[in-house]
Amino acid sequence: MEYSLINPSDPYTFIAADKEIAALVVAIINPAYGGETEDHNEEMRIPIFIFGGFEEWYQDEFGRAPKDGLIERKADVAQALDSFMLGGFRDRTRYTAALEAIDDPEKRKAFIEKWNDGRTSLNNISSFAHSLSEQMRG
C-alpha cells in the first residue's frame, strides 16, 4: 500500500507491504514524521511522535518491540525504503512508468537522482531512504 510521509519538507511517498512496515520505515526516517494512505484511513495511519512514545505505540499496535519487528521484517523494510519517491500519490504513476522503461541500472539511478533534484528543500529524504535500504541489504 502506498503511504505519504507526513513531514515539514517536500511531499514523499513510499510503498509498504502493510502498516507494520510503514511504521518501521517512518520511525527509521524520523519518528517526528508520520504516514498516511491516500484514502486517509485512520486505522492505517502512522502517528507523529515529536515527543517520543513510538516504542510504546508500536508495542501496543503490533505486539512486539520495534527492534524485533525490524529483525524479522528487515527485507520488507529495505524494499519500502527503496520505494521512496519525491512527490505525491498522483506522481507515482509517472515515476513508476519511467522506472519500468529503464533497463540499465546506472540509467535508473541517474533518473532517480534527477527526479529528486525537483525538491524545494535541502532535506533529501528519498536519497536518505535509498541509502538506508542499501545499508540494510549489506
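Looking only at the range 47-62, count every residue that is touching a residue at least 24 places away in the same chain (Cβ under 8 Å) and assigned to a loop (DSSP other than H, G, I, E, B) and tell me the total.
Count: 1.
How many residues, within the range 79-114, are under 15 Å from GLU2 (Cα atoms) and of a type in the set (Val, Ile, Thr)?
Of the residues in that region, 2 qualify.
Just to be sure before I move on: is LEU24 under 20 Å from PHE54 (Cα atoms), aliphatic (A, V, I, L, M), part of a strand (DSSP E or B) and in contact (Cβ under 8 Å) with a residue 12 or more places away in the chain in the structure I sent?
no
Just one of (1) under 24 Å from ASP117 (Cα atoms); (2) in contact with a Phe, Trp or Tyr (Cβ under 9 Å, 6 or more places away or on another chain) trips up ALA65, so point out which.
With respect to (1) under 24 Å from ASP117 (Cα atoms); (2) in contact with a Phe, Trp or Tyr (Cβ under 9 Å, 6 or more places away or on another chain), ALA65 is out only on (1).
Of the conditions (1) closer than 29 Å to PHE111 by Cα; (2) aromatic (Phe, Trp, Tyr); (3) touching a residue at least 40 places away in the same chain (Cβ under 8 Å), TYR95 clears all except one; give me its number.
(3)
Of all residues in the range 9-36 being β-branched (Val, Ile, Thr) and under 22 Å from ARG119 (Cβ atoms), which is surrounded by the most Cβ atoms within 10 Å (Cβ to Cβ)?
Taking the range 9-36 first, the residues β-branched (Val, Ile, Thr) are 13, 15, 21, 25-26, 28-29.
Next, only the ones that are under 22 Å from ARG119 (Cβ atoms) stay: 13, 15, 25-26, 28-29.
Working: THR13: 23, ILE15: 18, VAL25: 28, VAL26: 26, ILE28: 18, ILE29: 21.
Here the residue is VAL25.
Coordinate-derived values only; no laboratory data. Just so we're clear, the structure is a prediction, and the values are computed from it rather than from any experiment. Glycine gets a Cβ as well: all are built from the backbone with ideal geometry, and neighbour counts include every protein chain shown.
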